1. Residue by residue, what Karplus-based ³J(HN,Hα) values in Hz, rounded to whole numbers, does the stretch 387-400 have, using 6.51, -1.76 and 1.60 with θ = phi - 60° and x for Gly and Pro?
2. Between the stretch 235-295 and the stretch 400-460, how many Å separate their Cα centres?
3. Could you look at the stretch 78-202 and say what percent of its accessible area is carbon and sulfur, using a 1.4 Å probe and all protein chains?
4. What accessible surface, in Å², does a 1.4 Å probe find on Thr306, ignoring ligands, DNA and RNA and rounding to the nearest 10?
5. For the stretch 468-541, run through the GluC sites (Glu not before Pro) and keep only the ones in DSSP coil with at most 12 other Cβ atoms within 10 Å of their Cβ.
6. Using a 1.4 angstrom probe and counting only protein chains, how large is the accessible area of Arg307 in Å², to 10?
7. Describe numerically, in nm with one decimal, the distance between label points set 7 Å from Cα along Cα→Cβ at Glu437 and at Gln190.
8. Would you rank Leu439, Leu170 by solvent-accessible area, highest first, keeping every protein chain in place and using a 1.4 Å probe?
Amino acid sequence: MANDPYSMCPCGSGKKLKFCCGDILTELQKAFRLRENQPEAAARVFRDLLKKHPDKDVLVRELSGTLFELGQTQEARQVCIDYLKAHPDQPNVLASLSEICLKEDGFDASRRLLHRTFQLCAKSNPLAVAYLAALIASMMARSGCLMSAREHLALAVRMSTGERQRNLVLQLVSFESEASLPFPFRSAYQLLPVNFNDDATQQDLRARKLSVLGCWEPAAIIYNRLADAFPTEGSVWFNLGLCQAWDGRLREAASSLHHAASLLSDFDVATDAEALAQQLDLQLSEERYSTLSVKLEVQSVSELLTRLESDPTIRRHDTHDHSECHHHDGTQHVAEFVMLNSDITGSAITEASQIPESVADVDLFDIVDDEEASEGDTTQPFLVVTTVENNIDTAIVKLRALAGDLIVTRGDQEKRETVEFERPQARPFDRRFYCPEGLTQKAFRTLTRQMEPAAIEQWLSLPLSALGGKTALEAAGDASLQKKLAGALLVMLSIAGRFDQSPDLDALRTRLGLPARQPMEIPEGAVVAAMPALSYERLVLTKLTDSQLQELANRCSVLGLRDIVRKALDEI
């Protein structure tokens, strides 16, 4: 801590040291030194100082932080609460209490305290808001509330500066680049204008100010009241749905957005609302199919390798990233294989339907340190078979037939573990093609692209809950389902994109009797990243500036919108 009496006090009060913590500087410095190696002693010093100077919030923050690190969470919490009884809404202590409650009780239980803290700390201590928002973003991502995770991370970026901000920007870019996540959840969204009534406009302004601060529950309360007063205004319901989604309340958000879509007169805006609602419905749905893995203990790794490599439908496929390999200590990843449904060679392939597909991945591990491996309950070399649930029996039967007595795990000892899961709508696109020797990558890509129309046809014939159990083809003639069908196409685009496929939505809309998307122009200074990705296809590319075109191409590349990337690059 600085000793110049006229320097700014490091406690964050904004006062000069002489008029703030100057009289306790020596004791504070002592406690800070003790905190590194003797936190119990530091806590005693902070307690004694707080008894003498009960109004100094820096002592409350340091004592509660030290106690929390020691695991004395109840006392840490109580220290903050006692101080706030005498000094209500002191922002820095509120931030300390919010951190404790968030880490101990979770976001739902701490929501109102956090939002109060955000409002009071936004100007006086924005870095505290950034820290808390980043913590919430991590929690939301783990719980599957992806829109909330992205928006809290964006809030953390806005509230940060310097190196901390640069690190948070990288985290946000990493999140938005995660191809396994639906692209609508990796996008920014804007609240719709609410200007049909002077009082409503004022209420909307209040809600927007709260939204900028990350206080989405109080913003949602305002929109909920507006929805009660103006139940047929779609823009209010849309804004309510966004605030609920950003606040991590997916079920309420989906319901509000569905209702907004039914009320909005602009077909394109209604389509985007419906698509977002359906994407949230998929997050909440229990319908799924799983990818499973089974561990089979084996003996004689060298003999097993010989047998595996003797089968023409099992191909060595050493693309594994060993730096990301998370097998048990004391084991070594020996080889990676892919089990195919045919043994055709590249030179024999004349049409797309002949391309072999993966039945399962097979990974072989050996023991390199008996003691370390045994700590992980691994005593023998083993195979791990990974595939979708409807292929697992076929894969294991084939491996047992091929390996014979080299597999020592009995059938009744097999344990199936779920690695990941997918929604039923992904099945038509979830095909894992294999490029055999003798077929160039260019020819392979050309042939696999030829398989995309078949996946679309299969999807068009799937019964969809969003369409009341009808298929897209069946819903095409129902005028009451137009918005839902148009939204379902956008959801299908997000699913297909995760499997590197890019359906022609314009052709599908024409086929299904849906209105074409209306072109949209944006001002020269508009930032493409601030727009909803669901609207990118509506942009008039010839009207974009060079920098906007480049931003659009880069952004769509990150989001996996291949068709728009190609169009933007062509225009460039």
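The values are calculated or read from the model by the stated rules, or taken from the named source; none is laboratory data. Computed from a predicted model, the values in this text were never measured in an experiment. Using ideal geometry, Cβ is built from the backbone for each residue, glycine included, and neighbour counts are taken over all protein chains shown. The protein model used for the area step is the full one, side chains on, heavy atoms only, and it has no ligands, DNA or RNA in it. Shrake-Rupley method; radii C 1.70, N 1.55, O 1.52, S 1.80 Å.
1. Going residue by residue, I get 6, 5, 4, 6, 9, 5, 5, 4, 5, 5, 4, 5, 5, 5 Hz, with x marking Gly and Pro.
2. Centre-to-centre distance over Cα atoms comes out at 30 Å.
3. Working: 2920 of 5560 Å².
Summing carbon and sulfur atoms, their accessible area is 52 percent of the total for the stretch 78-202.
4. Rounded to the nearest 10, the figure is 80 Å².
5. Values: sites: Glu474, Glu521, Glu524, Glu537; in loops: Glu521, Glu524.
Sparse-neighbourhood loop GluC sites (Glu not before Pro): Glu521, Glu524.
6. Counting only protein heavy atoms, the figure is 70 Å².
7. 5.6
8. Working: Leu439 25, Leu170 115 Å².
In descending accessible area the options line up as Leu170, Leu439.
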